[in-house]
Amino acid sequence: MSITVLSPRSSGNPVDIVVTGATSEAIMFARLAANGTVISGSVQVISNGQQGLPDGTLHEEGGWATLASAGDMDGDGVEDLVVGAGNDPTAGTFAGAVYILYLNSASETELVRAFTQLTRLTTGLDGVAQAGGWLTIGSSLGDLDGDGRIDLLIGSSSDDTGGFDRGAIIVAFMGGAVPSPTPSVSPTPSVTPSVSPTPSVTPTPSVSPSVSPTPSVTPIELAPPPP
């Protein structure tokens, strides 16, 4: 089992707590009250097809075993998660993978707005990590190279660089584009009713009487037609 504590995604509670079990296909997310108890109704589960994670993301044999705070990876003010799946087969049998889960704020319906999967075939990691038994855990290191992006520490439990299955630690300097937020539904545009212009009125030509002088006439203001 792995447990980590995140900054609160909403006001009114001190922290959020996230729990996953060994090779689990789910992450439990809960809000804690000031007295340390779990707030009733606050438990949410991140898994295939739930809380914004697309169905089929996790493999049955490569569930999540470790997790840690990734810091605010995408700069939206919400702390994100980095999760290790040591047996993930995406890049080969027992090759492992690390997932970065970009979390929504508490005002959103779903917890996860996007995710990034890192494997030994990911650009920048290819040729560094080995095929068997790696990428078991990830952790935030802050911005080590001053490029404005948080960097990651990735554990490779069975790396053979220093000897058979002795393991290694990889410092991954993160770059590239952060996944765009899930497009929000555009509101229905307001429709301004068209108003027909006031019709022009051709004034009746004045007729000069033959005898009496033309009287002064006060013009009548025409009220515009109702819309």
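Determine whether residue 119 is crowded, with 19+ Cβ neighbours inside 10 Å and modelled with pLDDT of 80 or more. Steps first, please.
On the way: crowded, with 19+ Cβ neighbours inside 10 Å: yes; modelled with pLDDT of 80 or more: yes.
When the stated conditions are applied, residue 119 passes them.
Any residue at all in the stretch 84-107 that is under 20 Å from the mean Cα position of the chain (by Cα), crowded, with 17+ Cβ neighbours inside 10 Å, aromatic (Phe, Trp, Tyr) and at pLDDT 85 or above?
Yes, because at least one residue in the stretch 84-107 is under 20 Å from the mean Cα position of the chain (by Cα), crowded, with 17+ Cβ neighbours inside 10 Å, aromatic (Phe, Trp, Tyr) and at pLDDT 85 or above.
Which residue out of 92, 146, 77, 124 is of a type outside the set (S, T, N, Q), without any contact (Cβ under 8 Å) to a residue 24 or more places away in the chain and in a loop (DSSP other than H, G, I, E, B)? Full working, then the answer.
Details: 92 fails: without any contact (Cβ under 8 Å) to a residue 24 or more places away in the chain; 77 fails: without any contact (Cβ under 8 Å) to a residue 24 or more places away in the chain; 124 fails: without any contact (Cβ under 8 Å) to a residue 24 or more places away in the chain.
The unique qualifying residue is 146.
Could you please find all residues in the stretch 30-55 being within 15 Å of residue 99 (Cα to Cα), in contact (Cβ under 8 Å) with a residue 12 or more places away in the chain and of a type outside the set (S, T, N, Q)?
Across the stretch 30-55, the qualifying residues are 46, 52, 53.
Given the criteria open to solvent by less than 30 Å² (accessible area, probe 1.4 Å) and at pLDDT below 85, does residue 126 qualify?
Details: open to solvent by less than 30 Å² (accessible area, probe 1.4 Å): no; at pLDDT below 85: yes.
It is false that residue 126 is open to solvent by less than 30 Å² (accessible area, probe 1.4 Å) and at pLDDT below 85.
Determine which member of the set 51, 44 is on the phi > 0 side of the Ramachandran plot, open to solvent by 30 Å² or more (accessible area, probe 1.4 Å) and in contact with a strand residue (DSSP E or B) (Cβ under 7 Å, 6 or more places away or on another chain).
51
Determine whether residue 173 is surrounded by 12 or more Cβ atoms within 10 Å (Cβ to Cβ), aromatic (Phe, Trp, Tyr) and at pLDDT 85 or above. Working first, answer last.
Working: surrounded by 12 or more Cβ atoms within 10 Å (Cβ to Cβ): yes; aromatic (Phe, Trp, Tyr): yes; at pLDDT 85 or above: yes.
Spelling it out, residue 173 is indeed surrounded by 12 or more Cβ atoms within 10 Å (Cβ to Cβ), aromatic (Phe, Trp, Tyr) and at pLDDT 85 or above.
With the condition kept exactly as written, say whether any residue in the stretch 14-33 is in a strand (DSSP E or B), at pLDDT 80 or above and under 21 Å from residue 172 (Cα atoms).
Checked against the condition, which is being in a strand (DSSP E or B), at pLDDT 80 or above and under 21 Å from residue 172 (Cα atoms), the stretch 14-33 yields no hits at all.
The values are calculated or read from the model by the stated rules, or taken from the named source; none is laboratory data. What you see is a predicted model, and the numbers here were worked out from it, not measured in a lab. Positions of Cβ are generated from backbone atoms using ideal geometry, with glycine treated the same way; all protein chains shown enter the neighbour counts. Ligands, DNA and RNA are excluded from the accessible area calculation, which covers all protein heavy atoms including side chains. Shrake-Rupley method; radii C 1.70, N 1.55, O 1.52, S 1.80 Å.
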